[in-house]
Amino acid sequence: MSILNDLPDVIAEALGDVFRDGVLKVPGEPTSDGQGGWIPGAPTSHPCKALVDDYSDMRRATAGIPAHDRKIIILAASLSVAPAGGHTINAEGRDWQIVALTRDPAGATYELQGR
């Protein structure tokens, strides 16, 4: 095993006190409404450690990120499932819809664009 495999846990241990409690909400499986439509299933909650931050003006301008969107960083080791577009994250007292995400090369954090 390489030290790179342990890096997400090492970073989570080092930064765990800086990050705040959050909850990733994964949508449940939709069920038929019996009329040709779908009813969304109840979301599943997954606790995590998250931090809400602002994007730099330069990054907003070059990537076309709207002014009201925020950057949300999640410690990967604190999460039992991978986030995806369309999921919701509750961080710092607010629900954010995930519209884009990346993971750092070491696999230690997820960076989400929340709206």
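The values are calculated or read from the model by the stated rules, or taken from the named source; none is laboratory data. Quick caveat, the model's predicted, so the values are computed rather than measured. Here the Cβ is made from the backbone with ideal geometry for all residues, glycine too, and neighbour counts use every protein chain on show. The accessibility values were calculated without ligands, DNA or RNA, using every heavy atom of the protein model including side chains. Shrake-Rupley method; radii C 1.70, N 1.55, O 1.52, S 1.80 Å.
With the requirement that a residue be of a type in the set (A, V, I, L, M, F, W, C), surrounded by 12 or more Cβ atoms within 10 Å (Cβ to Cβ) and within 16 Å of E92 (Cα to Cα), what does the stretch 11-69 give you?
Residues satisfying the conditions are F19, V23, L24, C48, A50, L51, V52.
Taking the stretch 70-105, which residues are farther than 20 Å from D17 by Cα, open to solvent by less than 40 Å² (accessible area, probe 1.4 Å) and part of a loop (DSSP other than H, G, I, E, B)?
If the condition is that a residue be farther than 20 Å from D17 by Cα, open to solvent by less than 40 Å² (accessible area, probe 1.4 Å) and part of a loop (DSSP other than H, G, I, E, B), then P83, A84, G86, H87 are the ones that fit.
In the stretch 1-58, what residues are in a loop (DSSP other than H, G, I, E, B), in contact (Cβ under 8 Å) with a residue 24 or more places away in the chain and not aromatic (F, W, Y)?
Passing the criteria: G16, V18.
So, in the stretch 71-115, of the ones that are hydrophobic (A, V, I, L, M, F, W, C) and in contact with a His (Cβ under 7 Å, 6 or more places away or on another chain), which residue ends up farthest from D53 (Cα to Cα)?
In this case the residue turns out to be V81.
Residues of the stretch 27-74 being of a type in the set (K, R) and touching a strand residue (DSSP E or B) at 6+ places or on another chain (Cβ under 7 Å), which ones? Steps first, answer last, please.
Quick first cut of the stretch 27-74, residues of a type in the set (K, R) only: 49, 59-60, 70-71.
Answer for the stretch 27-74, where residues must be of a type in the set (K, R) and touching a strand residue (DSSP E or B) at 6+ places or on another chain (Cβ under 7 Å): K49, R70, K71.
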